[in-house]
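Presented below is the structure to which this report refers.
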């Protein structure tokens, strides 16, 4: 059987099993083992344990449970509510000010969690009921939170960037910096669309004579300062030459724990047990996916499937931007069916030599692939953020939530186009602060 036919068989079986709802880690691991046995015999199982161990024998992976714990600690506290209320007092006069406050809160919260679901849930639990109470259209209220939550995997720290860095052996610190300006760009696009659509509908959430006093506005500032301290603390340890990304994650987790205990008085053992439980569960899930994806990648390589695919693409001799368009379409389709972690770990090692041969920057491409993963988070059938928002507002049909997210999906696609035209938006900050890549 030729590698091309083997590749088609592997692709079909993988899609069928993943779409069946099987856990991603077990699905990838079982597929890899099954095809190794079928095509290379039982002796090939000797490499399974070594591959599993080698995939997790990386100090960088320590950062994952630390960043997960940051999100769990902040998400279980009233931090999201305080941040949202503080921003609302300053933006309430702007058309759609409450929605903009929620998007702004999501962008800041993203800099604390690195997780889209945590960001979506923490801000959505407070923001969606309040927006609906004030009469905001359901599609805008829910769609904005779905989209704003995706910023959790673009604005650093980002678990997605960590996985991409591990899969492609890229600098995680450089990837974090590359996500800052695109994250600001995407936040601005979300805000501009929200202002436009609510202005067009003639919607106002407050009476014309409603005012927050300057005293009330400035009273809200101390609620934001702890977030700033945590963000600055993590960024300084990471980019000030003080610590590695893994150590910076530990600093971030410690600062978030202090924030939760000292400011929000989270002394209860029950709450901390839940935080540790959530951290352990999500971290083990991600690490299992990493190990299974590495084994899956080993299977693809040992059967010469990745090499065959790369050669086939190289033989197409298409314009590099046509190639990038095809890759984006491929990633978008994958995002509709497969979780982001699995997509990155399965596809990044295959796509890296293709995009570098075409002259694209791997760090820039890490941002592009992450925005593609954001789209998958608000599009069914995987669309995790859709279901989180639906659980917060169960009386809003999923179809209406989806309708509300469509403009934000278009904003993400526009962001990809802008980054293709102006790649410096992603590369300028890491090149300025860390110096250009050698040989680049």
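Nothing in this text is a laboratory measurement; each read-out follows from the coordinates by a stated rule. Worth saying up front: this structure is predicted, and the values here are computed from it rather than measured.
Below, the figures for the structure above:
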quantity: Binned Cα-Cα distance frequencies in the chain - 20 Å width, integer %; calculated: 25, 57, 17, 1
quantity: Cα-based Rg / Dmax (Å) for the stretch 311-440; calculated: 16.7, 55
quantity: Isotropic mean projected area of the C-alpha convex hull, the stretch 144-230 (nm²); calculated: 8.0
quantity: Estimated Rh, the stretch 1-72: Kirkwood, alpha-carbon pairs, angstrom; calculated: 14.6
quantity: Residue of 141, 426, 393 that the Gaussian network model of the chain assigns the largest fluctuation, springs spanning Cα pairs under 10 Å; calculated: 393
quantity: Gyration tensor (Cα) of the stretch 344-384, equivalent ellipsoid semi-axes in angstrom; calculated: 23, 11, 6
quantity: Residue with peak Gaussian network fluctuation, the chain [Cα springs, cutoff 10 Å], from 29, 202, 124; calculated: 202
quantity: Among 79, 22, 167: highest mean-square fluctuation, GNM of the chain, C-alpha pairs under 10 Å; calculated: 22
quantity: Helical mean residue ellipticity (222 nm; -39500 (n - 2.57) per DSSP H run of 4+; nearest 500) of the chain; calculated: -25500 deg cm²/dmol
